[in-house]
Amino acid sequence: MRKMLLAALSRVLQGPAATTAAAAAGRTASRVIVASRNYTDFANEATFEIKKCDLHRLEEGPSTTAVLTREEGLHYYKTMQTIRRMELKSDQLYKQKIIRGFCHLYDGQEACCVGLEVAIKPTDHVITAYRVHGFTYARGVPVRTILAELTGRKGGCAKGKGGSMHMYTKNFYGGNGIVGAQVPLGAGIALACKYFGKNEICLTLYGDGAANQGQIFETYNMAALWKLPCVFICENNRYGMGTSVERAAASTDYYKRGDFIPGLRVDGMDVLSVREATKFATEYCRAGKGPILMELQTYRYHGHSMSDPGISYRTREEIQEVRSKSDPITLLKDRMVNSNLASIEELKEIDVAVRKEIEEAAQFATTDPEPPLEELGHHIYFNEPPFETVFSCFDLPGIRIVTAAWTARRMMLSIANIQWGLIKWFLNTLFTYKEISKSKEQQMTFAYTLGEKNLVFQ
């Protein structure tokens, strides 16, 4: 005590300069202490309370506590941060007109795809709709390959021919542009899992906007009837394009929509809640009990697509409130720091590394060559050799029709069927016009040649 009093008196007598120097020395010491922290300073794991799931036709649900190890937490954080930064870079490239066409961003919903992926096995299957970038990365596709696909380059995961909505990798089936159409396909994948006797399941995802599609209810019925190992997952981000769920659905309890299929409603902004619910659902399916339905309550920060500013049907204040109270990355970060699983400085280092990775990926995606024209017909049949295309054309009044000769016999037959359908449509149109006009000058002879066969219509 006496030494402390003497030191304080000395600082007063020496003036403010000494106080400033002492403070600077203290800050330096503090930085040294932070820098000298090593892995032994952190906890190995921590247990967290998570939100209880709402249940339908289930006596018990997932656990309301979740154990998170330091290694898992760092992995989840880096994965979600990478998806967030990748989507922001995609937004930038789109506004620069480097990415064109349809583009649906996933920022805000990162806890869904990450929580789902870490709860299943690599041999399990996933199929989703067109908001697909996050799932593609979570399934193991590198950022540079995803961005290259977005920019239509040869190094993309679909060789530059799929774009934003059609990305694939092993046991991941995209990326489907037709609203709700992936749900019957997911049930088909689950049927294959059961047929081949594999202990695998299929996660079949769709949005709240697709939840009213009739084909989804047909699929529910078949999946329940055949007890398929299918987890139906509705990502409810509260808006189907620009229409709120309250205006689009008579019942917004999407987890009850399966009726005879059990369901649970999950906090989709919490990666641990999603992980625990997915573990519960997959165990249910693997036990041979049939399908189960999950509703993930989540939120997208961007508009429905890049053509939607996202503020004509909701306010900026609403978006900001979700960001400030429920952001999935911030929630995980706070948990890890407050439980001594990681330090702020360590997480900032991850942020810096992620930004660098994204910039390098964007550089690759903008300099990689586009796929050559001669590869236009590649990857249509998995067991057929590539075929060449020879283009030709013939004219109708006011219309030029382009046809192609295909060296592969199967493709020739396929194209012939398509062309024959077009021919009949044109002929119906022409003959209808002929009957109406009643003019001999407008009557015509139409000839079409396919291979060695000549088809003449008069």
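The values are calculated or read from the model by the stated rules, or taken from the named source; none is laboratory data. The structure presented is a predicted model; accordingly, all values stated were derived computationally and were not measured. Cβ placement follows ideal geometry from the backbone for every residue including glycine, while neighbour counts extend to all protein chains displayed. Heavy atoms of the whole protein, side chains included, go into the accessibility calculation; ligands, DNA and RNA do not. Shrake-Rupley method; radii C 1.70, N 1.55, O 1.52, S 1.80 Å.
Here are the numbers for the structure shown:
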item	result
Among 127-138, 278-289, 370-381, the order from most to least packed when residues are scored by Cβ within 10 Å on average	127-138, 278-289, 370-381
Q320-I350 FRET efficiency (beta carbon distance; Förster radius 30 Å; 0.05 resolution)	0.75
P(r) of segment 57-162 over all Cα-Cα pairs, binned every 10 Å from zero, in whole percent	13, 42, 29, 11, 5, 0
Beta bridges by DSSP in segment 159-258, antiparallel share as percent, to the nearest 5	35
Per residue accessible area in Å² of segment 229-363, where ligands, DNA and RNA are left out and the probe is 1.4 Å	43
For segment 81-186: accessible area per residue (Å², 1.4 Å)	33
Packing-based ranking, highest mean first, of 303-311, 317-325, 83-91 given that Cβ atoms within 10 Å are counted	83-91, 303-311, 317-325
